[in-house]
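Input: a single structure, listed below in structure tokens.
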Amino acid sequence: MQAVKGSFTTPIDDALKAFGHKRNVVMSAASFLFIPEIVKKSDLVALILRRLLQAHSGPLIVTELPWLAE
């Protein structure tokens, strides 16, 4: 998922490519604030800043990226 307008290509795609992976974008959100609830009610995953999850309560599994995200 992605919450920005325009191209779906980001530096995250470059980092994933370096690890031999790629994203399969199936949805975009009007705001990052919607993403925790969407993930909670689906089988989707999202890359999101940890501070945006702090106010969210619910059963989400949070995992650190295996690289430094800028």
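What the table shows:
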read-out: Candidate set: the stretch 27-57, residues that are among the β-branched types (Val, Ile, Thr) and within 20 Å of Pro11 (Cβ to Cβ); chosen: the one surrounded by the most Cβ atoms within 10 Å (Cβ to Cβ); value: Ile35
read-out: Residue under evaluation Gly58, criteria (1) touching a helix residue (DSSP H, G or I) at 6+ places or on another chain (Cβ under 9 Å); (2) in contact (Cβ under 8 Å) with a residue 24 or more places away in the chain; (3) small (Gly, Ala, Ser), criterion not met; value: (2)
read-out: Residue that is nearest to Phe19 (Cα to Cα) [pool: residues in the stretch 58-70 that are surrounded by 10 or more Cβ atoms within 10 Å (Cβ to Cβ) and at pLDDT 80 or above]; value: Leu65
read-out: Pairs, first under 13 Å from Ile61 (Cα atoms) and in a loop (DSSP other than H, G, I, E, B) in the stretch 30-49, second among the basic types (Lys, Arg) and at pLDDT below 90, C-beta under 9 Å, six or more apart; value: Leu47/Arg23
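The values are calculated or read from the model by the stated rules, or taken from the named source; none is laboratory data. Because the structure is predicted, anything quoted here is derived from the model rather than measured. A quick note on method: Cβ atoms are made from the backbone with ideal geometry, for glycine too, and the neighbour counts reach across all protein chains shown.
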